[in-house]
Amino acid sequence: MSTTDVPDGGPEARTGLIHLLRKVTVEFGLRQAEFAARNGMHPTDVRALICLLDAGRAGTDATAGWLGAQLGLHSAGTTAVVDRLVRLGHVTRTRDPRDGRRVLLAVDERAVELGQAFFGPFIGATDAVLRGLDSRETDAVRRFLTAAHEAVRAAPGAGPAPGPS
């Protein structure tokens, strides 16, 4: 019997879903590592780009301190990541027009295009799967992924939990 054949969502079904989620996250991690290797980056650089893209979408001012907190890095480690990304042309530093003491970080459009070229097919295929779900199913997926994300972040031994991402 497959995990989808368990009508009550019993332990076998839940274990199967957890294993599927792990497979997805491992596969995505492999794709991120491949992207980093192809583009002369460290895997942490890719995580930094994702954080900065998320900040841009959320309208969050991204500073080096903010990025370091998201990545769980100390200031020297954050500086190394930002310097690498600036040197590669993936990130820009600009003075905050409201507070000239702050330096804001943003992902350069060329890095966005590079990411879209690599991850676009994956994102498109995933979007097609989601379009096949009705609103009730989509809500269930959203609730599950949100709760799973919180559970992983709050797990003992997981290290410091960065802010929302």
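Size of the chain along its principal axes in angstrom, Cα-based, largest extent first?
Over the chain, Cα extents along the principal axes are 60, 35, 30 Å.
Just tell me the longest site-free run in the chain, where the sites are trypsin sites (Lys or Arg not before Pro) in a DSSP loop having at most 12 other beta-carbon atoms within 10 Å.
Working: sites that count: R98, R101.
Here the longest run is 1-97.
Rank D134, D83, D61 by mean-square fluctuation in a GNM of the chain with C-alpha springs under 10 angstrom and give only the top-ranked residue.
Largest GNM mean-square fluctuation: D134.
Where in the chain are the DSSP H helices whose C-alpha atoms run 27 Å or more along the long axis and whose mean Kyte hydropathy is at least -1.0? Provide the component values of the computation, followed by the final result.
Numbers: long enough: 11-38 (40 Å, -0.07); 109-131 (29 Å, 0.42); 135-154 (28 Å, -0.49).
Result, helices passing both filters: 11-38, 109-131, 135-154.
For the chain, with every protein chain kept in place, what is the accessible area per residue (1.4 Å probe, Å²)? Working shown, then result.
On the way: 10940 Å² over 165 residues.
Per-residue accessible area for the chain comes out at 66 Å².
Can you tell me how much longer the chain between D83 and N39 gets when fully stretched, taken as 0.36 nm per residue apart minus their C-alpha distance, in nm with one decimal?
Numbers: separation 44, 0.36 × 44 = 15.84 nm, distance 1.54 nm.
My answer for the length gained is 14.3 nm.
If we restrict to alpha carbons, what Rg and Dmax does the stretch 76-165 come to, in Å?
Gyration radius and largest Cα-Cα distance of the stretch 76-165: 18.3, 48 Å.
Be a star and scan the stretch 56-84 for residues whose amide nitrogen sits under 11 Å from the point 7 Å along the Cα-to-Cβ vector of D96.
Residues passing the 11 Å test: 61-66.
Subtract the Cα-Cα distance of D134 and R57 from 0.36 nm times their separation in residues, and report this length gain in nm to one decimal. Don't skip to the answer; put the middle values down first.
Values: separation 77, 0.36 × 77 = 27.72 nm, distance 2.54 nm.
Result: 25.2 nm gained on full extension.
Simple spin-label model, 7 Å along Cα-to-Cβ: H74 to V152 in nm?
2.7
Going through the stretch 33-113, which GluC sites (Glu not before Pro) have at most 14 other Cβ atoms within 10 Å and a DSSP loop state? Working shown, then result.
Working: sites: E34, E109, E113; in loops: none.
Taking the stretch 33-113 and a limit of 14 other Cβ atoms within 10 Å, no loop GluC sites (Glu not before Pro) are found.
The values are calculated or read from the model by the stated rules, or taken from the named source; none is laboratory data. Quantities reported herein were computed from a predicted structural model and do not represent experimental measurements. Note that each Cβ is placed from the backbone with ideal geometry, even for glycine, and that neighbours are counted across all protein chains shown. To get the accessible areas, we keep the full protein, side chains included, count just its heavy atoms, and leave off ligands, DNA and RNA. Shrake-Rupley method; radii C 1.70, N 1.55, O 1.52, S 1.80 Å.
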